Amino acid sequence: MSEQTIISQCSPTLAGIKTGSLFSTNAACPRTLCRELSAWNHIFSAKGISFRVLKIKKGRALIYLYRKSALKSDLEKTEIRELLASYGYHSFAISDVLRHLTTRFAQSDEFPHEIGLFLGYPPADVKGFIENKGENPKCTGLWKVYTDENHAQTMFRKYKHCTDIYSRKHSEGTPIMRLIVSA
């Protein structure tokens with residue numbers, strides 16, 4: 001798992017403007033991946049960021065990188081709790097919701113529809129995606145938009161701009177730890 005992969009897939013989360021990010025990485029040797037993630041978690045924890053394996057399948061791992069403080073804040077919102085409760089989440093402690101999310105990934109080949117809530121997507125758009133079965137969005141970017149298209153387009157541009165800046169800075173030699181905004 002390279003720094004470049006983390007930068008290209010997770011810059012808005014590293015910058016503190018997004019709750020979490022998902023990316024796929026090689027998991028040909030799960031033990032090696034676990035050791036690597038343990039080392040990354042040790043380094044990134046000082047900045048309030050954690051990694052979690054959500055699923056390993058066919059030599060690939062789906063990794064969730066998240067800001068603990070942002071996820072905790074999101075989980076305090078009534079709209080998010082109600083939506084998660086409809087998918088069997090009973091406790092809203094970070095460890096409990098992540099354990100349940102991991103179980104939901106293990107039980108299906110599809111992404112659990114509530115995943116957007118863990119990535120910082122607007123709850124109304126997550127709900128719209130579920131209710132519309134992913135069809136007929138107003139627009140599509142990092143997520144399918146069912147509510148405020150203007151706000152979503154602004155966020156899509158903001159996330160892309162952030163990724164472009166982080167990628168450029170990293171390619172110029174800035175270490176990843178200097179790019180991470182502390183919690």
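The values are calculated or read from the model by the stated rules, or taken from the named source; none is laboratory data. From a predicted model like this one, the values you see are computed outputs, not experimental measurements. Here the Cβ positions follow ideal geometry from the backbone for every residue, glycine too, while neighbour counts run over all protein chains shown.
Details
- Those residues of region 16-45 which are in contact (Cβ under 8 Å) with a residue 60 or more places away in the chain and surrounded by fewer than 18 Cβ atoms within 10 Å (Cβ to Cβ), in sequence order: ILE17, LEU22, ILE43
- Every pair of residues 6+ apart whose Cβ atoms lie under 6 Å, when the first sits in region 124-148 and is free of Cβ contacts under 8 Å to residues at least 40 places away in the same chain and in a loop (DSSP other than H, G, I, E, B) while the second is surrounded by 14 or more Cβ atoms within 10 Å (Cβ to Cβ) and hydroxyl-bearing (Ser, Thr, Tyr): PRO137/TYR146; TRP143/TYR121
- Scanning region 46-64 for residues that are buried (at least 16 other Cβ atoms within 10 Å of the Cβ), without any contact (Cβ under 8 Å) to a residue 60 or more places away in the chain, under 18 Å from THR103 (Cα atoms) and not aromatic (Phe, Trp, Tyr) yields a total of 7.
- Number of the condition not met by LYS57 [criteria: (1) more than 30 Å from ARG178 (Cα to Cα); (2) touching a Pro at 6+ places or on another chain (Cβ under 9 Å); (3) not β-branched (Val, Ile, Thr)]: (2)
- Within region 145-160, the set of residues being closer than 19 Å to ALA70 by Cβ and either loosely packed, with under 15 Cβ neighbours inside 10 Å or touching a His at 6+ places or on another chain (Cβ under 7 Å) (or both) comprises HIS151, THR154, LYS158.
- Number of residues in region 170-183 that are in contact with a helix residue (DSSP H, G or I) (Cβ under 6 Å, 6 or more places away or on another chain) and either on the phi > 0 side of the Ramachandran plot or part of a helix (DSSP H, G or I) (or both) equals 3.
- Scanning region 113-132 for any residue that is at pLDDT below 95 and either within 24 Å of MET1 (Cα to Cα) or under 17 Å from the mean Cα position of the chain (by Cα) (or both) turns up at least one such residue.
- Yes/no for PRO12 being touching a strand residue (DSSP E or B) at 6+ places or on another chain (Cβ under 9 Å) and surrounded by fewer than 17 Cβ atoms within 10 Å (Cβ to Cβ): no
Yes/no matrix, rows are residues, columns are (1) polar (S, T, N, Q); (2) more than 30 Å from PHE156 (Cα to Cα); (3) under 11 Å from the mean Cα position of the chain (by Cα):
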site: SER21; (1), (2), (3): yes, no, yes
site: THR25; (1), (2), (3): yes, no, no
site: ILE43; (1), (2), (3): no, no, no
site: SER50; (1), (2), (3): yes, no, yes
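- Residue in region 65-85 that is farther than 19 Å from ARG178 by Cβ, exposed (fewer than 14 other Cβ atoms within 10 Å of the Cβ) and among the β-branched types (Val, Ile, Thr) present: yes
- Taking the numbered list (1) farther than 21 Å from LEU142 by Cβ; (2) touching a strand residue (DSSP E or B) at 6+ places or on another chain (Cβ under 7 Å) in turn, GLU3 passes all entries but (2).
- Any hit, region 125-143, residues being farther than 18 Å from ALA70 by Cβ, surrounded by fewer than 16 Cβ atoms within 10 Å (Cβ to Cβ) and in contact with an Asp or Glu (Cβ under 9 Å, 6 or more places away or on another chain): yes
- Within the span defined as region 70-77, one or more residues are touching a strand residue (DSSP E or B) at 6+ places or on another chain (Cβ under 8 Å), among the small types (Gly, Ala, Ser) and touching a residue at least 12 places away in the same chain (Cβ under 8 Å).
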